[in-house]
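Taken together, the values in this text are just the output of simple stated rules run on the coordinates, not laboratory data. Source: prediction; values computed, not measured. All Cβ positions, even for glycine, are placed from backbone atoms using ideal geometry, and neighbour counts span all protein chains on display.
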Amino acid sequence: MGYLSIIFRPVVRCFLAGAFAVLPLVVTVGVVIWVAGFLTTMIGPGTVLGESLRQVGFQFASDTTAAYAIGWVLVLSAIFALGVTVEMGARRFFQGTVDTLVQRVPLLGGVYGTVKQLVAMMDKKDRADLKGMSVVFCIFGDEKGAAFLALLPTREKFRINEVDYHAVLVPSAPVPVGGSLVFVPADSVHEADLSVDAFMSIYVSMGVTGPRFLNKAG
């Protein structure tokens, strides 16, 4: 039995080394596949948008797949043309016109305003608004309770039932563009010595890169 253990131990060690070496690639491919599947359910050929694009494409081709592809080419070309126009100086006029029209619509205006703010935050080359957020630990229970990493968009406190709260953003792993807005008692929010880039890396890797940025237990 000991002889077999001596033989198989190096084999298992080599297999685990190979598995951990390829793990980042596997996780990356998994995230890409998940995003692709999500997009397919939202804008794939079987959706309302996909069918509309196919109907546009039928003006130029009779094949179903070709019509769908042509529809997308036309849409992407229109977006590119709009981008060229915006870059040439029409950004303020275009956004002002859209803002005026959409924000007059009840309910839709509020949603549009929030989405516009998020998109503008991600659109800036230096992402100043995102960099301006703080990374924090939020503690459940006492100081030795469970903790989760979150983003603190503002240091303003909000009074709820005579208790001061912070509003924090808790992303979902491994796709941190989604998540929840949680109001946490201010006393339970603690500054984390992490950059936003490190924070995003930890969530995207589902914690795998945590040892690179967090203090490891002795």
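Hydrodynamic analysis of segment 1-97 uses the Kirkwood radius over alpha carbon pairs. Inserted into Stokes-Einstein at 4 °C and 1.567 mPa s, it gives a translational diffusion coefficient of 71 µm²/s. Taking a Cβ cut-off of under 9 Å around His166, the surrounding Lys, Arg, Asp and Glu residues balance to a net charge of 0, with basic ones at +1 and acidic ones at -1.
At R0 = 45 Å, how high is the FRET efficiency between Thr40 and Ala146 if r is their beta carbon distance? Nearest 0.05 is fine. Efficiency, from the Cβ-Cβ distance: 0.80. For the peptides 52-60, 81-89, the ranking by mean Cβ contacts within 10 Å, running from highest to lowest, is 52-60, 81-89. Between Gln55 and Arg159, the FRET efficiency from the beta-carbon distance, with R0 = 35 Å, is close to 0.05.
Could you size up the charge dipole of segment 128-213 around its Cα centre, putting +1 on the beta carbon of Lys and Arg and -1 on that of Asp and Glu, and report it in debye to the nearest 20? Display every interim value, and only then the final one.
Details: 6 positive and 10 negative charges, 46 e Å.
Rounded to the nearest 20 debye, it is 220 debye.
Taking a ≥ b ≥ c as the square roots of the eigenvalues of the Cα gyration tensor, segment 128-213 is classed as prolate, since a/c reaches at least 1.5 and a/b is larger than b/c.
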